[in-house]
1. Give me the residue from region 265-280 that is among the polar types (S, T, N, Q) and assigned to a strand (DSSP E or B) and, out of that set, farthest from PHE334 (Cα to Cα).
2. Filter region 394-416 down to residues that are more than 14 Å from ILE114 (Cα to Cα) and polar (S, T, N, Q) and give me whichever is nearest to the chain's Cα centre (by Cα).
3. Within region 83-102, does at least one residue satisfy the condition of being modelled with pLDDT of 95 or more and within 22 Å of the chain's Cα centre (by Cα)?
4. Between residues in region 403-424 that are within 25 Å of ASP362 (Cα to Cα) and residues that are part of a helix (DSSP H, G or I) and among the acidic types (Asp, Glu), which pairs lie under 9 Å by C-beta distance while being six or more apart or on different chains?
5. How many residues does region 311-331 hold that are assigned to a loop (DSSP other than H, G, I, E, B) and either in contact with a helix residue (DSSP H, G or I) (Cβ under 8 Å, 6 or more places away or on another chain) or not assigned by TED's automatic domain parsing to the domain that holds LEU347 (or both)?
6. Take PRO266 and tell me if it is surrounded by fewer than 21 Cβ atoms within 10 Å (Cβ to Cβ), over 30 Å from THR411 (Cα atoms), in the same structural domain as MET352 (by TED's automatic domain parsing) and of a type outside the set (S, T, N, Q).
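The values are calculated or read from the model by the stated rules, or taken from the named source; none is laboratory data. No experiment lies behind these values; they were computed from the predicted model shown. In this analysis, Cβ positions are derived from the backbone assuming ideal geometry, glycine residues included, and neighbour counts consider all displayed protein chains.
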Amino acid sequence: MNLIIKSISFCLFAFSFLGNAHAILPIEKLDSYKGAKAYLVQTKALPMLDIEVSIDAGDLYDPAGKSGLADMAAGLMNYGVKSNKGILTEAQIADEIADLGANIGLSVGGERAILRIRSLSREDLRDRAVQLASAMLSAPTYDPKIVEREKQRTITSLLEAETKPEFVLERRFKKAVYGNYPLANLPTVKSIGAVNANDLREFHRQFYRSDRMIVSIVGDVDRAQANEIVQTLLKQIPQSGQAIAKLPELEPSPIEPLVQREIYIPFDSQQAHIAMGMTAVARNNPDYFPLLVGNYILGGGGFVSRLMSEVREKRGLAYSVFSYFAPGKENGIFQAGLQTKSDQATLALEVMSTTISQFIADGPTPPELVAAKANLVNGYPLRIDNNRKLLDNVSSIAWNDLPLDTMDIWTKQVEAVTLEQVNAAFKKYLAMDRMKIVVLGAKK
């Protein structure tokens with residue numbers, strides 16, 4: 001009898017745990033330190049710690065003729081630093097990271113540079129990882145010999161990438177959509193060749209300061225420990241610096257005749273690669289959720305999307321076809337694309353264009369809207385089911401100045417979307433006579 005009672009008690013406990021497994025953990029705003037914002041999500045599920053430092057130092061700030069500078073400034077921060085132990089070489093840094101069983105990575109996107117740390121939460125290991133990351137952030141050496149070596153590696157990678165159709169297509173598409181905006185200026189062999197160690201030091205001095213940083217922490221630490229981590233990370237970093245020139249605004253994609261919006265690029269490939277899109281909305285735009293739900297129906301829902309049905313299922317023109325909104329802090333783009341046989345490119349482009357045009361004009365059906373919202377809501381737990389995904393969400397919320405309860409209300413915002421909102425948003429932000437079209441690998 002006792003065994004039965006214990007079994008029932010265990011089952012009730014297990015079901016209770018499962019029911020709370022995807023409860024949304026709160027985001028805490030930590031104490032501001034030297035002008036930097038900081039946020040914490042405490043989770044004791046694993047003895048792990050994930051930290052991100054977002055720096056307002058992305059590709060947007062590359063100077064004229066030196067595209068790729070921001071990427072190199074971040075990418076070379078773990079190739080030599082000044083620390084409290086003296087100069088650490090790239091080999092010593094790599095050995096220290098390996099000895100800690102940690103991960104410290106750097107990346108750069110259009111808007112921001114990102115340093116990420118993943119470590120065991122054990123105090124001694126955590127503190128060593130944070131101190132090493134602090135040295136990377138505050139005192140990279142940018143040794144001229146290493147800079148020249150990495151420039152050559154980057155140039156070699158660029159030359160190799162230029163033989164790949166996906167790379168060429170994406171560059172031309174971004175240039176077409178962004179026009180004169182800084183994000184259109186992508187790295188080239190010439191621009192990388194123009195960068196030197198002094199450029200990197202000056203870029204770091206100008207942009208790597210705490211008033212341009214946001215720290216996000218997820219894992220097995222309490223509030224006091226998290227505040228201490230933030231202070232250690234930023235202690236050696238200057239709080240502010242000289243004024244930085246204001247960036248130009250991204251102009252909306254203009255209305256143009258088709259002949260001015262289409263770009264055909266010859267390329268020796270059996271497949272034609274097609275991209276279509278235009279400028280769109282920032283993440284904090286009130287119409288973000290109607291566009292998110294609508295695009296799930298149009299081209300973001302995989303095999304249940306309109307584009308997949310029309311292009312693949314009905315006509316067999318492509319294995320995959322997609323569309324998405326890529327919103328940023330200040331602006332964003334809409335993009336759709338596919339790959340098809342070169343001799344089918346004209347038909348595939350026509351079908352994709354017609355499908356998007358009809359969706360803008362008529363919107364989704366009521367059953368499509370119901371199904372899309374259900375899929376997005378039911379799939380939401382998979383967006384936050386581990387520390388790294390939680391960190392992605394916290395970082396996005398902090399960077400885009402979203403409410404701290406965004407994760408709590410995300411599903412409610414999806415559920416609240418109406419047909420009228422989707423129809424109005426797509427008509428407001430998308431128009432076929434503003435879509436840039438790039439076709440690579442097929443003749444016009």
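1. GLN271
2. So the residue we want is ASN400.
3. No.
4. ASN423/ASP362
5. Residues of region 311-331 assigned to a loop (DSSP other than H, G, I, E, B): 314-320, 328-331.
Filter again for either in contact with a helix residue (DSSP H, G or I) (Cβ under 8 Å, 6 or more places away or on another chain) or not assigned by TED's automatic domain parsing to the domain that holds LEU347 (or both), leaving 315, 317-320, 329.
Residues meeting the conditions: 6.
6. Numbers: surrounded by fewer than 21 Cβ atoms within 10 Å (Cβ to Cβ): yes; over 30 Å from THR411 (Cα atoms): yes; in the same structural domain as MET352 (by TED's automatic domain parsing): yes; of a type outside the set (S, T, N, Q): yes.
It is true that PRO266 is surrounded by fewer than 21 Cβ atoms within 10 Å (Cβ to Cβ), over 30 Å from THR411 (Cα atoms), in the same structural domain as MET352 (by TED's automatic domain parsing) and of a type outside the set (S, T, N, Q).
Yes/no per residue for (1) among the charged types (D, E, K, R); (2) in contact with a Phe, Trp or Tyr (Cβ under 7 Å, 6 or more places away or on another chain); (3) modelled with pLDDT of 95 or more; (4) crowded, with 18+ Cβ neighbours inside 10 Å:
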site: GLY241; (1), (2), (3), (4): no, no, no, no
site: ILE244; (1), (2), (3), (4): no, no, no, no
site: PRO286; (1), (2), (3), (4): no, no, yes, no
site: LEU291; (1), (2), (3), (4): no, yes, yes, yes
site: GLY300; (1), (2), (3), (4): no, yes, yes, yes
site: VAL304; (1), (2), (3), (4): no, no, no, no
site: GLY316; (1), (2), (3), (4): no, no, yes, no
site: VAL321; (1), (2), (3), (4): no, no, yes, yes
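One line per residue, one yes/no per condition, for (1) closer than 25 Å to VAL177 by Cβ; (2) out of contact with any Ser or Thr (no Cβ under 6 Å at 6 or more places or on another chain); (3) part of a helix (DSSP H, G or I); (4) of a type in the set (D, E, K, R):
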{"position": "GLN358", "(1), (2), (3), (4)": "yes, yes, yes, no"}
{"position": "LEU376", "(1), (2), (3), (4)": "no, yes, yes, no"}
{"position": "LEU382", "(1), (2), (3), (4)": "no, yes, yes, no"}
{"position": "LYS389", "(1), (2), (3), (4)": "no, yes, yes, yes"}
{"position": "THR411", "(1), (2), (3), (4)": "no, yes, yes, no"}
{"position": "ALA424", "(1), (2), (3), (4)": "yes, yes, yes, no"}
